[in-house]
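The values are calculated or read from the model by the stated rules, or taken from the named source; none is laboratory data. Values in this document were obtained by computation on a predicted structure and should not be read as measured data. In this analysis, Cβ positions are derived from the backbone assuming ideal geometry, glycine residues included, and neighbour counts consider all displayed protein chains. Accessible surface is based on the protein model in full, side chains and every heavy atom, while ligands, DNA and RNA are left aside. Shrake-Rupley method; radii C 1.70, N 1.55, O 1.52, S 1.80 Å.
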Amino acid sequence: MSVLKFKGKKAAGLGASEQWHGFSEEDLRRPGAALLVWLTRIAVSRGHRMTEVAAALGVTYGYLIQLKKGIRETSKLSNEVVHAASQYLLCPPILVKIAAGQITLQDFYGPRDRMADDIDAAIAHIAGDPDFSFLLPPGVAAMSQDVKASLVMLYQDATGRSLLTRKLNWTRILEQIRQMLQVELTPTVVQKVH
């Protein structure tokens, strides 16, 4: 079990119901675990209680526990909670949605791209980074691609390095989105000339 413990002045005043008891391997395998780990690490770094995190997200502490234990799914977080989490984490909402499992990195890859290879190469890079390798959970190689991708996204956010996005053709993706938004939705009448 990986345990994240609170330190500092605020931790001393935590009641038993306000303590966050870390993540079991089963917790870490659940879709969306990356978001909960991310929220926990930011809370610890700021000296916040998980009840304060819950309040910032507009949910109850019990709701966070249900997310952690898989009773509720992070992939079904409301837009309001996603946006509140993005404000708390100081990141764009799309990163929260990716970490929550609402959007997977596969959604950004074309049918011929090799996402699994890219993610495994990125995990290997993180494992070789002496400053961050200890943060990879045991058995990371056996975890789902979504969980590994979330770990890579967190690493990218922490270091400013791009391990996955460099392989995507963002210009092509943005052009496709632009073309999609400019589609004429009203039918046109074509006259037949004899």
Taking into account only those residues within region 49-104 that are open to solvent by 30 Å² or more (accessible area, probe 1.4 Å), hydroxyl-bearing (Ser, Thr, Tyr) and part of a helix (DSSP H, G or I), which is nearest to Asp157 (Cα to Cα)? Ser75
Residues in region 81-91: is at least one within 17 Å of Val147 (Cβ to Cβ) and in contact with an Asp or Glu (Cβ under 8 Å, 6 or more places away or on another chain)? no
Within region 105-122, can you find the residues that are at pLDDT 85 or above and either loosely packed, with under 13 Cβ neighbours inside 10 Å or not in a helix (DSSP H, G or I) (or both)? none
